[in-house]
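For reference, the structure is listed below as structure tokens.
Read-outs: derived from the displayed coordinates by stated rules, not from any lab. What you see is a predicted model, and the numbers here were worked out from it, not measured in a lab. Note that we place each Cβ from the backbone using ideal geometry, even for glycine, and neighbour counts take in every protein chain shown.
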């Protein structure tokens with residue numbers, strides 16, 4: 001494994017940090033199984049030798065930017081997690097088979113936040129986003145199955161507060177939305193067994209708002225808050241029906 005971490009100051013208020021990690025791994029295994037079955041018609045021998053090999057490469061990278069000034073604080077983190085994993089299984093003997101799995105996973109994340117002060121008012125913006133892609137395949141002798149998954153999600157909100165005398169007015173408004181797409185394909189088998197291809201997707205969206213008012217007097221603190229949201233979900237198949 002190799003790791004790199006670097007911190008660079010840009011000016012008196014901002015800096016950037018870079019982190020990179022790479023790991024490589026390899027695993028091998030071999031097994032031999034010999035079985036003799038005694039029957040009325042004679043001895044039946046089954047012998048199988050299995051050879052297993054796995055190769056994996058993992059890369060993680062992150063860059064973080066921070067800016068801390070008098071009236072605001074800003075931070076943005078962009079990271080990527082990439083995995084390349086392949087597996088082979090070769091079986092020789094009485095029942096020979098060859099199998100190979102290609103299992104990559106690619107993930108990107110971005111986390112952004114900023115807090116800014118306007119006089120007696122404080123406003124905060126946060127946004128968390130993720131994208132995950134998995135184009136994977138499985139090979140078994142002459143059969144091939146491909147499975148592709150794509151996932152996207154964002155969660156962004158704005159928060160603010162204002163103090164007026166003994167009252168503190170605050171609120172939050174945001175959106176949380178995402179989509180998950182899935183496709184599969186099977187090659188090498190007859191169409192008579194059924195559907196060999198498939199596509200589906202699931203999407204969701206949530207709009208929400210949380211207003212709040214707080215009143216303080218001596219040792220008492222009164223708070224009145226609300227929670228409002230709107231949710232939307234949709235599931236679609238290959239034929240477009242929901």
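Based on other C-beta atoms within 10 Å, arrange 222, 204 from fewest to most.
Fewest-to-most Cβ neighbours within 10 Å comes out as 222, 204.
Over the alpha-carbon set of the stretch 139-232, divide Rg by the Kirkwood Rh and report the Rg/Rh ratio to two decimals.
A ratio of 1.41.
If you take all C-alpha pairs in the chain, what percent of them are over 23 Å apart?
72
Classify the stretch 188-242: rounded, prolate or oblate, from the alpha-carbon gyration tensor (a ≥ b ≥ c, eigenvalue square roots; a/c under 1.5 rounded; otherwise prolate if a/b is larger than b/c)?
Values: a/c = 9.67, a/b = 5.13, b/c = 1.88.
Prolate, since a/c reaches 1.5 and a/b exceeds b/c.
Starting from the Cα gyration tensor of the stretch 121-192, take the square roots of the eigenvalues, sort them a ≥ b ≥ c, and report rounded, prolate or oblate (rounded when a/c is under 1.5, otherwise prolate if a/b is larger than b/c, else oblate).
prolate
Among 190, 135, 211, which one moves the most in a GNM of the chain with springs linking Cα atoms closer than 10 Å?
190
Between residue 38 and residue 76, what is the label-to-label distance in nm when each label sits 7 Å out along the Cα-to-Cβ direction?
7.7
List the extent of the Cα atoms of the stretch 39-126 along each of their three principal axes, largest first, rounded to whole Å.
Dimensions of the stretch 39-126 along the principal axes of its Cα atoms: 96, 23, 11 Å.
Show me 62-69, 214-221 ranked by packing, highest mean number of other Cβ atoms within 10 Å first.
For the peptides 62-69, 214-221, the packing ranking is 62-69, 214-221.
Hey, what did the chain get for relative contact order, percent, Cα under 8 Å, at least 6 apart?
Over the chain, the number comes to 11 percent.
Can you list the residues of the stretch 101-131 with backbone N under 13 Å from a point 7 Å past the Cα of residue 67, pointing along Cα to Cβ?
Answer for the stretch 101-131: 113-116.
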